Amino acid sequence: MITYLGGYLEELDYATVEIEGNRKRYALSDAGRDYLGANRERVDLMLAKLTHFARKMDLVRRAYMGENVEEQPSEGGWAPELIAACRALKRALLLRTDASQDEQRCIAAILARATAEIEQGADPKQA
C-alpha cells in the first residue's frame, strides 16, 4: 500500500524516489511541500482524527484484554466533564429534529460562537 501511494505521489510530482537495493525511499519534492503547506489545516485535522481513533482503538483493545478502561485525562483522553457535555449536546440536538428554520439558525449561531471560543483556546475560568 505504501509503495502504491508513493508511486502515486511520484506521478503527481509530490514525491521523489531513491532506489536502494530492493527498497524504495520516498521523500517530499518541493511541489509536495508546497501542496502540503497549502493543505496544512486539512492534514492537521486528518492527523487529529487518526490520533483520536487510535486512542479509542487502544481502549477497545485494553477492554478486550480485561483491563479497566475508564479513560483518564492523564492518558491523553477527554475529561469526563467534556464527554458528558458532548453527550448532552448530542441529546439536545436530537430532541430538536423538527426545529423550525429560525430555531436551527439560532442553534447554529450558538454552536458557531462556541466553536470560535474553543478554537481561540479560551480559558473556562475566565468565562
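None of the figures in this text is laboratory data; all of them are computed from the coordinates on show. All values derive from a computational prediction rather than experimental measurement. Positions of Cβ are backbone-derived with ideal geometry, glycine not excepted, and every protein chain shown enters the neighbour counts.
Overview of values
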item: Relative contact order, percent, the chain [alpha-carbon distance under 8 Å, six or more residues apart]; result: 9 percent
item: Debye, to nearest 20: dipole size of the chain, +1 on Lys, Arg Cβ, -1 on Asp, Glu Cβ; result: 400 debye
item: Nearest-ten-degree value, helix 40-64 long axis tilted from longest Cα axis of the chain; result: 80 degrees
item: Linear extension gain, GLN101 paired with LEU59, 0.36 nm per residue minus alpha-carbon span; result: 11.2 nm
item: Potential lengthening between ARG25 and ALA38 on full extension [0.36 nm per residue; Cα-Cα distance subtracted]; result: 2.3 nm
item: Radius, Kirkwood style, for the chain when every pair of distinct Cα atoms is counted (Å); result: 19.4 Å
item: CD proxy at 222 nm, helix term only [per DSSP H run n ≥ 4: -39500 (n - 2.57); per residue of the chain; nearest 500]; result: -20500 deg cm²/dmol
